[in-house]
Each structure stands twice: as C-alpha cells, then as structure tokens.
Amino acid sequence: MTYSLGATYSGLYDEIVTAIDHLSLAPYKLESYRKPETVLDKQDHEWEQGREQGFVGIFKTRFLKRLESSVEAFRLSLHRALTFESTYLDYLLDRKVVSSRDFQKAMRYLERDAEDEAEPGSVADALDAVAEAKAHIESLPRVDLNQYDLRKLKHDVEADVTLLRQLYDRTEPLAASDAKLEALRELLAGPLKGRKVLVFSSFKDTARYVHRSLTNASSAEWLKRIGQPTIRRIDSGNHPSERGHILGLFAPVANQAEVKPEDQIDVLVSTDVLSEGQNLQDCGVIINYDLTWNPIRLVQRNGRIDRIGSPHETVEIFNMFPEDELERLLRLLERLSDRISQIDELGLLDASVLGELVHPRTFNTIRRIRDEDGRVLDEEEERAELAGPETLLRQLKELLNREGKDALVALPNGIHSGLRRDKCYGMFFYFQAPRPDGSGKRHFWRYVDAKTHEIIDNRFRIAQLIACQPDEPRFIGDQDVFLLQEQVIDHILRSEKETEAKAAAPKTVDPTQQAVAEELKNALRRGTVDREATKAAIRYLGQPMGRFPVKRLKASYGDWSTNRDDGALLTAVQSLAADFGKDRPDGESRAGSLQRDELELICFEYVSK
C-alpha cells in the first residue's frame with residue numbers, strides 16, 4: 001500500500017531532503033579542516049580524510065532511513081544530532097577540540113537508533129545522555145588547535161546547528177497530521193479488521209510511536225469503531241521473560257499457551273527482535289511499516305508466520321511505500337552510497353562499517369517489492385541462507401575439520417547417494433558450469449519431484465530436504481534418474497534464458513538516467529545546448545537501458561559533476577543513443593549464454609519416503 005511523504009511533511013519534504021544533503025557534519029570530518037602546511041604524511045591524511053567522509057555519508061543515510069520510517073524517529077534523530085553538534089560547538093568556543101575518531105565514540109550516548117544497538121534498560125533520557133557524552137569528551141586527549149582552520153570549522157558547526165534546529169522546529173506540528181499513520185489506521189479498520197496482525201518497524205523509536213499513537217486517548221473512538229482490539233508492543237526494551245509472555249498472548253496455539261480469547265493480543269507492533277526463533281503462525285498478516293533496507297529481513301519477518309502448522313492457506317504481507325517521493329529518496333540514498341562505495345574501493349573504510357552501505361541491489365529489490373514481484377522473497381531467502389557465513393558454511397567448516405580438505409577434493413564428480421524423507425519422492429541434482437568471464441564456477445541446485453515433476457531451485461528449501469547426520473543410513477530409491485536429470489537440465493537452461501531476457505530488456509529507468517535528463521533540462525534553460533538535440537537526448541533517456549549503457553552514462557555524469565560541461569554531457573548521451581538505440585543491439589554480451597555441454601554433474605541424491 002502507498003501513502004504520501006509529501007502529505008505527511010506538508011510540503012516540507014523536498015526542503016528536508018535538501019537540508020540533509022547539505023549538512024556538513026563537521027565533527028565527523030576534522031581532517032578536512034587541517035591546514036595544508038601541517039600535514040606531515042599526505043597518504044595518512046588522505047586515508048583519514050576519506051574515512052571520515054565515508055562516515056558522514058553513513059550518518060546521512062541514517063537520517064534518510066528514519067525520515068521514511070516515521071515523523072517521530074526522524075525528529076528524535078534531529079534532536080540527538082542537534083544536541084551532539086551543540087555540545088561540540090560548546091567545546092569549540094572553549095577552544096577545546098578532540099579528534100573525529102575520539103568524538104565519534106561519544107555518539108553512542110546520543111544516537112542509539114538501531115534496534116540491535118541497545119540492550120534492555122540501557123536507554124538513558126536526553127539529559128543523562130548529554131551528561132555522559134560531556135564526561136566522556138572531557139576525558140579525551142586534545143588536538144593541537146594551530147593545526148586546524150578553527151574559523152571554518154566553527155562556521156560549519158554553527159551552520160549545522162542552525163539547520164538542525166530549523167528542521168526540528170518546523171517538523172514539530174507534522175506528527176499531528178501523519179499520512180502514513182493514517183494509512184495504517186485505515187488498513188487496520190478496513191480489510192484487516194478483526195484479523196491478527198504483526199506490524200514490523202526497523203526502528204524502536206518508530207515502533208513505540210506507532211503503538212503509542214494507536215492506543216492513546218485520541219484513538220479511543222477509532223479503537224471502538226474497530227472492535228477494541230488489544231494492541232501491544234515488543235522491542236529490545238522488554239525483558240526476555242516478558243517477551244515470551246507477550247508472544248504467548250499473541251500466538252497461543254503456536255506457543256502452546258493456554259490463553260482466554262479475551263486476553264489474546266490482536267495487533268503486535270514489533271522491531272526485528274522477533275525476526276528469528278519465534279513461532280507466530282497464529283497470525284497470517286504482516287505489515288512492514290517502513291522500508292526494509294536490508295532485504296534479508298523480509299525473509300526473516302515472513303518466516304515468523306509462514307511456518308509448518310500454519311492454519312492459513314496464504315500469508316499476507318503489506319509493505320508501506322511513499323508514492324512519488326520513493327524514487328527521489330532512493331536517488332539521494334544511491335548517491336550517498338555511491339560516495340561511500342568509492343571511498344571504500346580506495347581502502348579508506350574500516351570493514352566494520354560496510355554493513356551501513358545500501359547495496360545497489362537493494363534499490364532494485366525495494367522497487368520490485370513495491371511492484372509486487374512475487375519472486376523477490378524466494379530470491380532473498382536463498383541469498384540470506386547461503387550467501388552469508390551461516391548454515392552451510394558452518395557445516396562445511398565442520399566437515400573440513402573432521403574429514404580434511406584432501407578427502408573432499410578426491411571425491412569424483414557424478415557420485416550419488418540416497419536417504420529417506422517422509423512425503424518425499426524425488427531427486428536432488430547439483431551441477432556446475434564455468435562463469436562467462438572465466439572468474440570461477442556457477443552452482444546450480446535443483447530438486448525435482450518424481451511424481452508431480454515440480455522443480456525447486458530455492459537452495460534453502462533444498463538444503464533442508466537433503467540435510468542428514470553422518471550415521472544416517474543410505475537408501476537408494478527407484479526413481480528414473482535419467483529422465484529426471486534431463487528435466488532438471490532443461491529447467492536450468494530455460495531459467496538462464498529467461499534471466500538473460502529480463503536483463504536485456506529492463507523495465508525500469510535507472511536513477512542516473514533521470515538525473516542526467518534533469519541536468520539537460522537545466523542546460524536548456526541556461527541556453528548552453530542545442531534545443532532539438534537535447535530534446536531528443538531527453539527522450540532517449542526516458543526509456544530503459546541495459547547495464548553497459550548505464551555504466552557509461554554514470555561515468556559521463558561523474559565527469560559532468562566535476563567540469564559542468566553541458567555540451568560534453570549532451571554529446572555523451574548522443575553517443576549512447578547511437579551505440580545503444582532501439583535499432584541497435586544494447587551491447588550486452590550474449591556470448592556468455594549457458595550451453596548444455598557446459599553443465600557438469602557434481603552429484604545427485606535419491607530422496608524417498
């Protein structure tokens with residue numbers, strides 16, 4: 001479902017986003033204010049400067065994520081940042097300066113945003129946080145004031161304080177007219193009335209705001225209209241024993257708890273403390289109140305209610321997306337993430353902060369979720385369970401420690417085994433094929449049902465089917481291995497062709513195309529480019545492009561951002577149109593298409609009841 005951030009922010013949305021982009025966040029990039037003559041090691045200086053710039057980008061992405069999450073979460077972040085920079089300014093006026101890295105450590109007293117950063121009972125109020133921060137800063141070593149341009153540093157911090165205070169003051173009345181919250185109310189009062197519903201938010205501040213807004217005195221009439229449902233909240237602030245009690249009230253059947261109907265919880269508002277390890281299949285509806293910037297969390301959330309023993313034939317997932325503002329939000333996040341990524345490529349970021357990056361795949365995933373692409377959950381589930389250092393990787397390490405690498409390498413290709421599984425009659429096949437660029441191997445897992453001939457390619461589900469203990473008896477079934485193998489090969493080849501076709505014909509316009517089109521329109525207004533040629537270039541930019549032309553366009557846009565040469569930018573787009581226009585191939589390589597003879601059977605397994 002959708003709502004309007006523009007309506008929520010009463011016309012201030014663009015102003016807010018622009019202000020975030022213009023924050024200097026000077027306390028986090030002290031190296032940028034160092035006087036050139038004081039630099040002793042240019043390489044170390046550039047490394048530290050790049051590292052600090054990366055942190056600035058990360059903090060700005062946090063602002064944007066919380067802006068989309070809720071009015072309350074965003075305003076709390078503004079207040080924390082305002083308190084933080086005001087404290088820094090007090091020290092500057094007292095001619096006390098500490099390094100950026102040391103001052104960042106004080107952030108933990110003022111910026112406890114993420115759910116997993118706070119332990120139960122650890123959240124201090126604002127005054128205590130300021131006192132803790134000041135006490136910590138007082139203990140830090142001072143830097144040599146003569147090495148820095150203190151006038152410029154003071155000016156930028158003052159500008160941030162002014163900007164943050166203006167934003168905080170101007171957003172104060174917006175909580176009373178929250179379009180996003182109203183959209184949630186309508187959903188709970190309409191199609192989900194009387195249903196058991198689980199509402200997720202990525203931020204504790206948002207979860208508490210939503211729960212408070214749905215249950216306070218101003219909601220009394222709304223609650224009465226929808227039948228007085230019991231609404232509770234759960235986050236890391238709840239004691240573990242209390243969490244268990246709440247879950248029993250919300251999902252008594254799944255948790256084998258004896259609860260009277262009138263005592264049950266109907267709507268549970270939660271952060272991702274519930275993402276793993278709980279059985280909540282009494283519930284059949286999830287609402288993702290804010291954007292899940294980590295798509296893997298979608299899978300984890302869905303897994304709380306989509307479980308064996310669920311009484312629901314289907315589970316329903318509602319994702320709340322801002323309408324027109326989503327693309328603008330994603331473009332700004334993408335630009336910030338590109339900057340962080342460029343810094344990271346130079347080796348200027350610690351590995352510990354890489355998790356803050358919004359990967360380009362994330363943007364496409366968010367758009368696919370908005371467009372209700374049903375496969376995205378399966379794909380993210382596969383990545384979640386097999387791409388990370390969990391599950392199979394852990395099992396593989398254990399096997400290597402137990403058996404040794406040489407024993408595994410010595411196993412011949414094409415080996416097979418079998419095992420018994422209830423309600424199963426099929427086969428597992430594992431194929432490898434070389435990557436088109438020669439950089440390694442591609443891996444194909446398939447399970448085919450010998451009766452229905454349904455083929456599963458979700459690796460997580462397959463891993464659950466074939467996992468067994470070392471002493472489990474070997475059982476060879478009577479499935480027709482050659483017939484099923486051919487079906488699997490055909491499925492792999494067909495899937496690869498479908499994937500290539502989708503890649504060759506993208507259905508969305510890359511944000512870079514939109515950005516370049518806007519700059520060309522500005523160039524028209526400035527009169528620096530030919531009108532008809534520019535209009536043709538803008539029309540070309542309005543159609544989907546393949547990966548290669550987009551990559552070239554990004555490079556040209558990067559050059560323009562440096563030299564502001566409108567004519568060169570127009571020429572670059574014209575060159576793209578000539579090379580990759582509709583009447584020309586888009587440049588995507590087809591030589592790498594998977595061929596049948598490239599598939600090599602590594603192993604197969606009978607799975608029989």
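Take the Cβ atoms of residue 225 and residue 315, set R0 to 25 Å, and the FRET efficiency comes out at 0.45.
Here residue 521 and residue 471 are evaluated by their C-beta separation; at R0 = 51 Å the FRET efficiency comes out at 0.15. Annotation: amide H of residue 602 within the under-5 Å range of 414, 430, 431, 432, sequence separation 5 or more or interchain, hydrogens built in the peptide plane.
Near the amide H of residue 233, within less than 5 Å, lie the amide hydrogens of 269, all on another chain or at least 5 residues away, with H placed in the peptide plane.
Over all Cα atoms in segment 243-283, the spread is summed up by Rg and Dmax: 9.6, 27 Å.
Taking amide H as placed 1.01 Å from N in the peptide plane, the amide H of residue 418 sits under 5 Å from that of 475, 606, each at least 5 places away or on another chain. Sequentially through segment 526-541, phi angles give Karplus couplings (6.51, -1.76, 1.60; θ = phi - 60°) of 7, x, 9, 9, 5, 5, 5, 5, 5, 4, 5, 5, 5, 4, 5, 5 Hz, Gly and Pro residues having no value and appearing as x. Using the average count of surrounding beta-carbon atoms within 10 Å as a protection proxy, the listed peptides 472-482, 181-191 rank, highest first, as 181-191, 472-482.
Put in order of Cβ neighbour count within 10 Å, fewest first, the listed residues 37, 518, 454 become 37, 454, 518. 3J(HN,Hα) along segment 42-51: 4, 5, 5, 4, 5, 4, 5, 5, x, 4 Hz, from the Karplus curve 6.51 cos²θ - 1.76 cosθ + 1.60 with θ = phi - 60°, whole Hz, x for Gly and Pro. Peptides 167-174, 228-235, ordered by how many other C-beta atoms sit within 10 Å of their residues on average, highest first, read 228-235, 167-174. Normalising the Debye intensity of segment 411-609 to I(0), with uniform scatterers on Cα atoms only, and taking log10 at q = 0.10, 0.12, 0.18 Å⁻¹ returns -0.61, -0.72, -1.12. Per-residue extension of 0.36 nm, minus the Cα-Cα distance of residue 242 and residue 410, leaves a gain of 55.2 nm for this segment.
Answer rounded, prolate or oblate for segment 178-322, using the Cα gyration tensor with square roots of eigenvalues a ≥ b ≥ c: rounded when a/c is under 1.5, else prolate when a/b is larger than b/c, else oblate. Since a/c stays below 1.5, the shape of segment 178-322 is classed as rounded. For segment 178-322, the residue among 210, 315, 220 whose Cα projects farthest onto the positive side of the dipole built from Cβ charges is 220. The string of couplings for segment 213-219 from the Karplus curve (6.51, -1.76, 1.60, θ = phi - 60°) is 5, 7, 10, 6, 4, 5, 9 Hz, one whole number per residue in order, with x for Gly and Pro.
Here the residues 417, 270, 236, ranked from fewest to most Cβ neighbours within 10 Å of their Cβ, fall in the order 417, 236, 270. Here the spin labels are modelled as points 7 Å beyond Cα on the Cα-Cβ line, and at residue 514 and residue 42 they lie 4.1 nm apart. The slack in the chain from residue 12 to residue 533, taken as 0.36 nm per residue of separation less the alpha-carbon distance, amounts to 184.0 nm.
Read-outs: derived from the displayed coordinates by stated rules, not from any lab. Computed from a predicted model, the values in this text were never measured in an experiment. For neighbour counting, all protein chains shown are included, and Cβ atoms are generated from backbone atoms with ideal geometry for every residue, glycine included.
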